[in-house]
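Taken together, the values in this text are just the output of simple stated rules run on the coordinates, not laboratory data. Quantities reported herein were computed from a predicted structural model and do not represent experimental measurements. Quick reminder, even Gly has a Cβ in these numbers, built from the backbone with ideal geometry, and neighbours come from all protein chains shown.
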């Protein structure tokens, strides 16, 4: 039997915690709980739950908001979805709905109390299913490791002494825009189509006699599997690069292109729209 998925309830309403625990356990989940935001955050760091259900109004009317904004600063909780539950809209007679937001309120979903049990269980199941594919650091940011998982696993590399003509032929053959330059199992540079054009063709150098090491970019900007599409986009924009090698420590494990990042960003936005549509129609 597989291990039960763990859900952390953070709420000071004992009746809500008791009834919600019974509901979730009846659906096969393991439930732990805390009655205030600070202890809930500490328990999350210790127990690493698969999902947090977080109330807004506890010691203060905005305690849940404050905890939600602290969670992204905890690397160990980066992939933990947060389902915010609240009665603040009716309590404070707000004339608008609350919605997840990438900067103001970095949570996965918001549901208003009193919660419909069936809708609640469905929301929990959906967030858990998507947990391995999304990062909730900024609402729904995709991680580099997720981008790599969706790509073909081929990683094209070249030795720095290979001539530029051969590098260009490889890029044309495999329909790629860059080759990673590797020497003795170590990443030493990146050679792009632009490098070949600017450093060889425009300078009228012999492509067969010019080694890649003379045209490659040796100061390579890399990312890690845990970086987000937002961070990749920022690097590409400010550093004016179109390809980012992915390093897991000292090990080269892949490369992401600007096309990969744009497709991932569009997937995030589409998922946000899907969430909001579900939230609105469920209301």
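Which residues, taken from region 159-184, are in contact with a helix residue (DSSP H, G or I) (Cβ under 8 Å, 6 or more places away or on another chain), surrounded by fewer than 20 Cβ atoms within 10 Å (Cβ to Cβ) and assigned to a strand (DSSP E or B)? Listed by number, the list holds a single entry, 163.
Among the residues making up region 208-226, those that are surrounded by fewer than 21 Cβ atoms within 10 Å (Cβ to Cβ) and in a loop (DSSP other than H, G, I, E, B) are 208, 209, 210, 218, 219, 220, 221, 222, 224, 225, 226. The selection criterion, being buried (at least 16 other Cβ atoms within 10 Å of the Cβ), part of a strand (DSSP E or B) and in contact (Cβ under 8 Å) with a residue 40 or more places away in the chain, holds for residue 187. If you go through region 241-255 and pick out every residue that is in a strand (DSSP E or B) and either touching a residue at least 12 places away in the same chain (Cβ under 8 Å) or within 13 Å of residue 147 (Cβ to Cβ) (or both), you end up with 10. Considered as a group, the residues in region 141-152 that are in a loop (DSSP other than H, G, I, E, B) and in contact with a strand residue (DSSP E or B) (Cβ under 8 Å, 6 or more places away or on another chain) include one that is surrounded by the fewest Cβ atoms within 10 Å (Cβ to Cβ), and that residue is 151.
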